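Read through the structure below, which is laid out as structure tokens, and then see the notes.
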Amino acid sequence: MVAATGGHIDVVRFLVIDCGADMNTKDDYGRTALMVAATVGHIEVVRFLVIDCGVDVNTKDNFGGTALMVAATKAHIDVVRFLVIGCGADVNTKDNSGGTALMKAARSGQIDVVRFLVNDCGADVNTMDTNGKTALMQAAEGGQIEVVRFLVNDCGADVNTKDNDGGTALMMAVTGGHIEVVRFLVSDCPANVSAKNENGYSATRFAADHGYYAIVIHQLYSTVRSRVG
């Protein structure tokens, strides 16, 4: 695994071909050499392990994560493309928390990976994790405005979908103080600013609780006034 991490393809080949190293061996976290190579984006090592060694691209670690998920999180688009197009990796498989490669790429703001997974691979933008969160919510929570715009404008993601606790993408953006995302969701979508979660909290209440009241309230109500005229 050390050789895979460092991208030392000649060493990896030697260990496998000459020494009979088992490339399906897992570490204490359940990670294989393929997952490690995918994490750091070593495409040559990834190709060798899959094509020459027959390593299963859909193998999961102890947390349900796959090589595709880690590559998507780190924006290694060449690895992502190879695993999906070249190897048939399952783009909609979920980890133990219900997360998908799309959700992970969305949360970390990897817009090129997000576009590829949706446009070229048919990733499901509406699927939810075990907490009821969608890729849009993940992106809003992470303040990833490019991803948010793409999921809404190009994919038709519903901005008013609620998670298991009644939370919306707007509430999550407000909680994180991501004013650009808040502005987009309220002004361009429009998100329901009056929606409440299971505890009766609205986006404005979250703004007050997290110290963003002034900037968020100004945006919310200036937008509401402009709608009314």
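Let a ≥ b ≥ c be the square roots of the eigenvalues of the Cα gyration tensor of the range 158-212; is it rounded (a/c under 1.5), or, if not, prolate (a/b larger than b/c) or oblate?
Numbers: a/c = 1.81, a/b = 1.08, b/c = 1.68.
It is oblate, given that a/c is not under 1.5 and a/b is not larger than b/c.
Which of the lysines could a cross-linker span from residue 94 if the Cα-Cα distance has to be under 27 Å and same-chain partners fewer than 8 positions apart are dropped?
26, 60, 74, 104, 133, 162
Efficiency by 1/(1 + (r/R0)^6): what FRET value for residue 96 and residue 198, r their Cβ-Cβ distance, R0 = 25 Å, to the nearest 0.05?
0.60
What is the distance in Å between the Cα centres of the range 27-49 and the range 60-103?
About 12 Å separates the Cα centre of the range 27-49 from the one of the range 60-103.
How high is the relative contact order of the range 1-90, given as a whole-number percent (alpha carbon pairs under 8 Å, six or more residues apart)? Working shown, then result.
On the way: 121 pairs, mean separation 23.4, N = 90.
Result for the range 1-90 is 26 percent.
Farthest toward the dipole's positive end in the range 1-90, which of 45, 62, 75, given Cβ charges of +1 (Lys, Arg) and -1 (Asp, Glu) about the Cα centre?
Comparing the listed Cα positions along the dipole, 75 ranks first.
If you take the charge dipole of the chain about its Cα centre, with +1 on Lys and Arg Cβ and -1 on Asp and Glu Cβ, which of 170, 106, 150 is farthest toward its positive end?
Highest projection toward the positive end goes to 170.
Most mobile of 199, 160, 126 per a Gaussian network model of the chain (Cα springs, under 10 Å)?
Taking springs between Cα atoms under 10 Å, the residue moving most is 199.
Which of these, 204, 130, 175, has the largest mean-square fluctuation under a Gaussian network model of the chain (Cα springs below 10 Å)?
Fluctuation is largest for 130.
Would you calculate a helix-derived [θ] at 222 nm for the chain, using -39,500 (n - 2.57) for each DSSP H run of n ≥ 4 and dividing by the full residue count, to the nearest 500? Write out the running numbers ahead of the final one.
Values: 14 runs with 98 residues, N = 229.
Taken over the chain, the calculation gives -10500 deg cm²/dmol.
Classify the chain as rounded, prolate or oblate from the Cα gyration tensor: take a ≥ b ≥ c as the square roots of its eigenvalues, call it rounded if a/c is under 1.5, otherwise prolate when a/b beats b/c and oblate if not. Working shown, then result.
Numbers: a/c = 2.99, a/b = 2.65, b/c = 1.13.
Since a/c reaches 1.5 and a/b is larger than b/c, the shape of the chain is classed as prolate.
Relative contact order for the chain: what is it in percent, counting Cα pairs under 8 Å that are at least 6 residues apart? The partial results should precede the final answer.
Working: 380 pairs, mean separation 24.8, N = 229.
So the answer I get is 11 percent.
Rounded to the nearest 20 Debye, what is the dipole magnitude of the chain about its Cα centre when Lys and Arg each give +1 and Asp and Glu each give -1 at the C-beta? Before the final figure, lay out the partial values.
Working: 19 positive and 26 negative charges, 163 e Å.
With Lys and Arg at +1 and Asp and Glu at -1, about 780 debye.
Values quoted throughout were computed directly from the atomic coordinates according to the rules given, and no laboratory measurement underlies them. Because the structure is predicted, anything quoted here is derived from the model rather than measured. FYI the Cβ positions are ideal-geometry reconstructions off the backbone, even for glycines, and counts take in every protein chain you see.
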